[in-house]
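Here's the structure, in structure tokens; my notes come after.
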């Protein structure tokens, strides 16, 4: 979790991928899912050069799922 957003977002995302044993498999990263925040869009441009096979960057799926979850939570509070 980032406490604030700044120009270190690319480094944060890259280091998060160190979950792979031994080394990051650059050629296996195909999809990046995020919200459409401006700082993420800028980071994705840089990440596309690091991960050559990353062919699609979804920028609204995460936001849509978040909105659905918020609606469910709001509805649940109304029922209680």
Q) So if R0 is 41 Å, what FRET efficiency would residue 63 and residue 23 give, r being the distance between their Cβ atoms, rounded to the nearest 0.05? A) 0.85
Q) Between residue 45 and residue 11, what length in nm is gained on full extension when 0.36 nm per residue of separation is reduced by their alpha carbon distance? A) 10.9 nm
Q: Return the inverse of the average 1/r over all pairs of distinct C-alpha atoms in region 9-79, which is the Kirkwood hydrodynamic radius, in Å to one decimal.
A: 13.8
**Q.** Extension reserve of the residue 30-residue 76 stretch, reckoned as 0.36 nm per residue once the Cα distance is removed
**A.** 13.0 nm
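Read the figures in this text as sums done on the coordinates, not as results from a lab. If you're wondering where the values come from, they're calculated on a predicted model, not measured in any experiment. Quick reminder, even Gly has a Cβ in these numbers, built from the backbone with ideal geometry, and neighbours come from all protein chains shown.
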